[in-house]
Amino acid sequence: MSENDPADLLPNDRVKRSALDGDVTQLHRGNRYGEEGDTFEVDGVTFELTEVTERTLGDMTDADAKREGSPSLEAYKERMVRAHGGSFDWDDDADVVRHRFERVDE
């Protein structure tokens, strides 16, 4: 196991808070930010990556969007456009990496 910097996987304070609250339990990112079994810490709470899977944006479902803190896939798509300053075009064939994680009770 290796220790990762949460800033690499969790892009901002809102996402970190949402992970702490249990509202975000996975993130799709354009790059791989760890391997299964790796851990990271947010405000003294340890999380473990439980699944790291290469996918495409087209593989995403409403369930994925909910695990990322959005009520639906459509809402997730709209959030991505806003998060990228309006310069994000959804491409079903774009490669992404899904990082699923959970709190580790110590």
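Tallying residues that are touching a residue at least 40 places away in the same chain (Cβ under 8 Å) and either under 17 Å from residue 93 (Cβ atoms) or touching a Pro at 6+ places or on another chain (Cβ under 8 Å) (or both) within the stretch 48-64 yields 4. Within the stretch 1-39, the set of residues being at pLDDT 90 or above, surrounded by 14 or more Cβ atoms within 10 Å (Cβ to Cβ) and outside any loop (DSSP other than H, G, I, E, B) comprises 9, 15, 16, 17, 18, 19, 20, 26, 27, 28, 29, 39. Looking across the stretch 90-106, the residues that are under 21 Å from residue 48 (Cβ atoms) and out of contact with any Phe, Trp or Tyr (no Cβ under 9 Å at 6 or more places or on another chain) come down to 96, 98, 100, 105, 106. Just one of the numbered conditions (1) surrounded by 14 or more Cβ atoms within 10 Å (Cβ to Cβ); (2) in contact with a Gly (Cβ under 9 Å, 6 or more places away or on another chain) is not true of residue 60: (2). For the stretch 20-35, the tally of residues that are out of contact with any helix residue (DSSP H, G or I) (no Cβ under 8 Å at 6 or more places or on another chain) and among the hydrophobic types (A, V, I, L, M, F, W, C) stands at 1.
Of all the residues in the stretch 63-89, those that are part of a helix (DSSP H, G or I) and out of contact with any His (no Cβ under 8 Å at 6 or more places or on another chain) number 15. Taken over the stretch 47-62, the criterion of being within 18 Å of residue 101 (Cα to Cα) and either of a type outside the set (D, E, K, R) or part of a loop (DSSP other than H, G, I, E, B) (or both) is satisfied by 47, 49, 50, 52, 53, 60, 61.
The values are calculated or read from the model by the stated rules, or taken from the named source; none is laboratory data. Everything numeric in this text was worked out from a predicted model, so none of it was measured. Every residue, glycine among them, receives a Cβ derived from its backbone with ideal geometry; neighbour counts consider all protein chains shown.
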